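The values are calculated or read from the model by the stated rules, or taken from the named source; none is laboratory data. Note that the structure is a prediction, hence the values are computed from the model and not measured. All Cβ positions, glycine included, derive from the backbone under ideal geometry; neighbour counts span all protein chains shown.
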Amino acid sequence: MAALSLQACVVVPRTDIVFDDQCKILRRQMVLEVQQYGYFGGCSNDGCAALLVATGVVAATSAVVSGSIAVVGNVVYWFERQGQCKAPPAARDQGVSSSL
């Protein structure tokens, strides 16, 4: 019965813009989201087994590739933030640099 209502999903990276309260800037970050790309309403026997295997391979591959993209993207965005984030006023007044 579960195979009759199988949904195929993929994991995709998405870029969000969030406000960084510490630096008082808008910054980007990558997150992963799951999207449905198909619905399999009816299959039987070997067809269902092949469909389940293919769906599992596609979902696992999309998770690995998208996860890698998100990690690299967030590292780039972190470096970008380091260049945009200024030291807080209190630290500047005391001559202390901030390591955010």
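Tabulated values for the structure
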item: First in segment 13-29 and surrounded by 10 or more Cβ atoms within 10 Å (Cβ to Cβ), second anywhere and in a strand (DSSP E or B) and among the hydroxyl-bearing types (Ser, Thr, Tyr), Cβ under 7 Å, 6 or more apart; result: ARG28/THR15
item: Residue in segment 34-51 that is modelled with pLDDT of 85 or more, in a strand (DSSP E or B) and under 29 Å from GLN84 (Cβ atoms) present; result: no
item: Residue count, segment 57-68 (criterion: closer than 9 Å to VAL12 by Cα and in contact (Cβ under 8 Å) with a residue 24 or more places away in the chain); result: 4
item: Of the criteria (1) farther than 30 Å from ARG81 by Cβ; (2) at pLDDT 85 or above, which one VAL18 fails; result: (1)
